[in-house]
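What follows is a short report on a single structure.
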Amino acid sequence: MTAMAPIPGRSTERSLAIRTSKLNLWYGTFQALFDVDLDIRQGIITSMIGPSGCGKSTFLRSVNRINERLGYVRTTGTIDVMGQNIMDPEVELVQVRKQIGMVFQRPNPLPISIRDNVLFGHRIHNAGKRDARSEEDGIVENALQTVLLWDKVKDKLDKKATALSLEEQQKLCIARLLPVKPGVLLMDEPCSALDPKGTEAVEELIWELRGEYTILIVTHNMAQARRASEECIFMLMGKVVEHDDTGQMFVTPKHKETADYIEGRYG
Amino acid sequence: MFEATQLNRRNETTQKLFRLALGGMTGILILPVILILGTLIWKGAPVISFEFLFTGPTKGMTAGGIFPALLGTILLVLVALLASVPLGVAAAIYLSEYAPNNWFTRAINLAIINLAGVPSIVHALFGVGAFVIFFKFGTSILAASLTLAIMTLPVVIVATRESLQAVPEAFREACWNMGATRWQTIRRVVLPNAVTGILTGVILEVSRTAGETAPIMFTGAAFFLPLLPQSVFDQTMALSLHLFVVSTQVPNMPEQLPYGVALVLISLVLLMNSLSIALRMYLRGKKKW
Ligand SMILES: Nc1ncnc2c1ncn2[C@@H]1O[C@H](COP(=O)(O)OP(=O)(O)OP(=O)(O)O)[C@@H](O)[C@H]1O
Ligand SMILES: [Mg+2]
């Protein structure tokens with residue numbers, strides 16, 4: 001990893017990966033986020049829960065600025081990633097996306113070979129010039145080892161990625177983010193298209209990535225949030241209700257809304 | 001317990017009736033096609049020979065072959081393809097991948113669709129004004145082909161846009177999220193997946209213009225030329241116009257000759273269409289998601 005990589009357990013200042021203040025967001029006239037102040041610590045897994053439509057995806061999509069592609073989105077407030085305001089005019093969008101990887105609900109590998117999928121981001125951020133084959137091989141093996149996929153696909157790297165099972169596709173989608181060494185991984189319900197076995201496998205993988213990457217994961221699965229995250233954020237109708245250690249939040253939530261949601265009394 | 005009830009039987013009768021009616025309509029639809037093709041083959045096939053295809057007309061066009069016209073049509077379509085494909089594909093890429101979704105883009109899209117409805121004689125007159133006179137190409141293959149190209153631009157754009165839009169949005173999102181620029185996304189993911197559709201759609205659309213008469217009549221096609229064209233600035237004969245001439249303009253025409261010309265013209269268009277469909281099936285067989 002680069003020199004910027006956090007040292008797990010030794011973050012003396014509890015350094016922050018993402019910090020938003022007074023983040024408001026409108027889709028046209030509809031306000032989806034209200035004064036969101038969040039401090040997301042580096043190197044840990046933070047889960048985000050809340051009923052459907054409360055703005056979880058919207059928040060994630062603001063952090064890598066993919067939302068602004070829709071012409072009618074307006075944002076106020078600040079979003080700092082690794083200590084830098086990504087809304088600054090000098091900020092290069094491509095660099096933001098490089099630092100912040102995103103995993104979607106539905107696995108979306110590109111319709112090219114497994115190998116090319118893993119190398120896609122790497123090639124884009126290296127002026128399209130191809131490295132020596134051996135160097136690329138190293139990158140591919142490394143990334144696929146990290147996501148626990150290497151043994152399964154090492155003999156079919158030139159096969160189409162779209163022919164893999166959903167679980168394998170999702171792992172590949174995580175693997176292809178790694179070669180460009182992002183600091184933050186955003187995951188929007190990464191397991192909801194998978195069966196229980198696949199869910200377990202991907203969860204295990206996410207847990208493995210902890211420390212080296214800051215992970216923010218949206219989930220509808222209480223058990224998953226509880227098992228697989230160190231801190232937890234509960235959102236309701238575009239506002240952050242509670243942000244606490246996961247253990248704390250699930251045992252003694254501070255707000256009645258949180259308790260209601262955790263116990264399944266919301267939709 | 002499983003016997004048909006009164007209602008079952010009545011429903012069954014109704015459904016048979018409708019099947020018959022709908023099938024009948026389809027039959028009526030197919031009949032003219034069969035009649036036309038049948039007549040053409042019946043009357044035209046005896047005329048067709050190696051000599052018919054590869055020599056020029058003689059005796060005031062009442063004998064000999066159609067080679068100059070056949071060659072002319074192929075040339076006209078090829079040059080039209082060369083002109084309209086780069087332009088149309090570029091415009092379609094811009095419109096579907098770059099242009100913001102606002103009233104201006106929507107107005108342009110509407111204009112393109114309307115352009116497809118402009119009668120070919122209007123395109124012909126535009127071609128005369130623009131290419132023959134203003135750009136001083138004279139009546140020539142170039143002027144005629146450019147006129148055809150302008151005429152097919154809307155369909156080329158529409159065919160290309162459809163192929164581009166058939167590429168799932170998820171692929172684009174995946175690329176953008178890895179920091180790819182729009183162009184990198186287009187170049188590496190969108191185009192490779194759309195190119196078969198674009199190619200075949202475009203060939204299909206443009207080859208249909210082989211049968212057009214009006215747009216080339218005033219811009220570059222001649223009734224009769226003793227020599228083959230030497231460059232794109234020469235005039236040429238063309239099958240469609242030749243068919244018109246031998247059917248209506250020449251006295252003492254052997255009855256079967258026009259049928260032969262029509263059969264060649266139709267075969268040419270069908271051949272190009274089947275080629276593009278075969279190409280599409282071949283390429284699609286090799287594809288993926
Ligand atoms: N592109 C959009 N245009 C307009 N409104 C949108 C758009 N995307 C989301 N919204 C609205 O913003 C609100 C928050 O949506 P968001 O997708 O962030 O919710 P979510 O918490 O991710 O929900 P889910 O759990 O169902 O994924 C919803 O009311 C939604 O209707
Ligand atoms: Mg969502």
Legend entry - Within the protein assembly as shown, percent of DSSP bridges classed antiparallel, to nearest 5: 60
Legend entry - Euclidean distance of C-alpha centroids, region B:157-233 and region A:44-60, integer Å: 43
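Write down the accessible area per residue of chain A in Å², having rolled a 1.4 Å probe over the full set of protein chains. Write down the numbers at each step before the final one.
Values: 12160 Å² over 267 residues.
Computed with neighbouring chains in place, this is 46 Å² per residue.
Rounded to the nearest 100 Å², what is the sum over both chains of accessible area buried where A meets B, with a probe of 1.4 Å? Each step should come with its number before you reach the end.
Details: alone 13050 and 16790 Å², together 28030 Å².
Summed over both sides, the interface buries about 1800 Å².
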Inset, instruction - Please calculate how many Å² of accessible area region B:62-191 carries per residue, with a 1.4 Å probe and no DNA, RNA or ligand atoms counted. - result: 44
Inset, instruction - Compute the accessible area per residue over region B:199-265, keeping the other protein chains in place, probe 1.4 Å, unit Å². - result: 44
Inset, instruction - For A:Val241, list long-range residues whose amide hydrogen, built 1.01 Å from N in the peptide plane, is under 5 Å from its own amide hydrogen. - result: A:Phe234, A:Met235, A:Leu236
Inset, instruction - Assuming a ≥ b ≥ c are the square roots of the Cα gyration tensor eigenvalues, decide whether region B:1-121 counts as rounded (a/c under 1.5), prolate (otherwise, with a/b larger than b/c) or oblate. - result: oblate
Legend entry - Between helix A:166-175 and chain A: long-axis angle, C-alpha atoms, 0 to 90°, nearest 10: 90
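Would you mind working out the magnitude of the charge dipole of region A:16-262 relative to its Cα centre, with +1 at each Lys and Arg C-beta and -1 at each Asp and Glu C-beta, to the nearest 20 Debye?
Numbers: 31 positive and 34 negative charges, 135 e Å.
Dipole about the Cα centre, nearest 20: 640 debye.
Output the peptides B:46-53, B:236-243, B:130-137 sorted from most to least packed, where packing is the average of other Cβ atoms within 10 Å over each peptide's residues.
Details: B:46-53: 13.9, B:236-243: 25.6, B:130-137: 15.5.
Going by the mean number of other Cβ atoms within 10 Å, highest first, we get B:236-243, B:130-137, B:46-53.
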Inset, instruction - Output ³J(HN,Hα) for region B:196-210: one whole-Hz value per residue in order, computed from phi by the Karplus curve 6.51 cos²θ - 1.76 cosθ + 1.60 with θ = phi - 60°, and x for Gly and Pro. - result: 5, x, 4, 4, 5, x, 5, 4, 4, 5, 6, 5, 4, 6, 4
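Calculate how many DSSP beta bridges within chain A are antiparallel, expressed in % of all such bridges and rounded to the nearest 5. Spell out each step's value before the answer.
Values: 25 of 43 bridges.
Antiparallel bridges: around 60 percent, rounded to the nearest 5.
How large a share of the accessible area of the protein assembly as shown, in percent, is made up of carbon and sulfur atoms when the probe is 1.4 Å and the other protein chains stay in place? Could you put the intermediate results ahead of the total?
Values: 17170 of 28030 Å².
The computed percentage sits at 61.
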Inset, instruction - Kindly identify residues of region B:146-185 having a loss of at least 40 Å² in accessible area between the isolated chain and the assembly of all protein chains, probe radius 1.4 Å. - result: B:Phe171, B:Glu173, B:Ala174, B:Trp176, B:Asn177, B:Met178, B:Gly179
Legend entry - Using θ = phi - 60° and Karplus 6.51 cos²θ - 1.76 cosθ + 1.60, couplings along region B:236-247 (whole Hz; Gly, Pro as x): 8, 8, 9, 4, 4, 5, 4, 4, 4, 5, 5, 7
Legend entry - Dipole magnitude of chain B, debye to nearest 20 (Cβ charges: Lys/Arg +1, Asp/Glu -1, about Cα centre): 740
Inset, instruction - Express in Å², to the nearest 10, the accessible area of B:Ile41 obtained by rolling a 1.4 Å probe over the protein heavy atoms while all chains stay in place. - result: 90
Inset, instruction - With a 1.4 Å probe and every protein chain left in place, tell me how much accessible area B:Thr5 has, in Å² to the nearest 10. - result: 70
Inset, instruction - Anything losing 50 Å² or more of accessible area from the isolated chain to the full protein assembly: pick those residues out of region A:84-101, probe 1.4 Å, ligands and DNA/RNA ignored. - result: A:Arg97
Legend entry - Anisotropy class of chain B from Cα gyration tensor, a/c 1.5 cut: oblate
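Normalising by the residue count of chain A, find the relative contact order in percent from Cα pairs under 8 Å and 6+ residues apart. Walk me through the numbers before you get to the answer.
Numbers: 479 pairs, mean separation 73.7, N = 267.
About 28 percent, as a whole number.
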Inset, instruction - Specify which residue in the list B:Gly138, B:Ile112, B:Val77 is farthest towards the positive end of the charge dipole of region B:67-286, using unit charges on the beta carbon of Lys, Arg (+1) and Asp, Glu (-1), about the Cα centre. - result: B:Ile112
Inset, instruction - Hey, can you grab everything whose amide H is under 5 Å from the amide H of A:Met102? Only 5+ residues off in sequence or another chain; H modelled, so Pro and N-termini drop out. - result: A:Leu186
Legend entry - Nonlocal amide H pairs with B:Ile48, under 5 Å, H built at 1.01 Å: none
Legend entry - Mean separation of Cα contacts under 8 Å (6+ apart) over length of chain B, as relative contact order %: 26
Inset, instruction - Apply the Karplus parameterisation 6.51 cos²θ - 1.76 cosθ + 1.60, with θ equal to phi minus 60°, to every residue of region A:108-114 and state each ³J(HN,Hα) to the nearest whole Hz, in sequence, with x for glycine and proline. - result: 10, x, 7, x, 10, 5, 4
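Using unit Cβ charges (K, R positive; D, E negative) and no other charged atoms, how large, in debye to the nearest 20, is the dipole of the protein assembly as shown about its Cα centre?
Numbers: 53 positive and 47 negative charges, 212 e Å.
Roughly 1020 debye, rounded to the nearest 20.
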Inset, instruction - Taking 7 Å along the Cα-to-C-beta vector as the label spot, tell me the A:Asp260-A:Glu141 distance in nanometres, rounded to one decimal. - result: 5.6
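The values are calculated or read from the model by the stated rules, or taken from the named source; none is laboratory data. Bear in mind the structure is a predicted one, so any value in this text is a computation, not a measurement. Ideal geometry is used to build each Cβ from the backbone, glycine not excepted, and the neighbour counts take in all protein chains shown. Just so you know, the surface numbers come from the protein's heavy atoms only, side chains and all, with ligands and any DNA or RNA stripped out. Shrake-Rupley method; radii C 1.70, N 1.55, O 1.52, S 1.80 Å.
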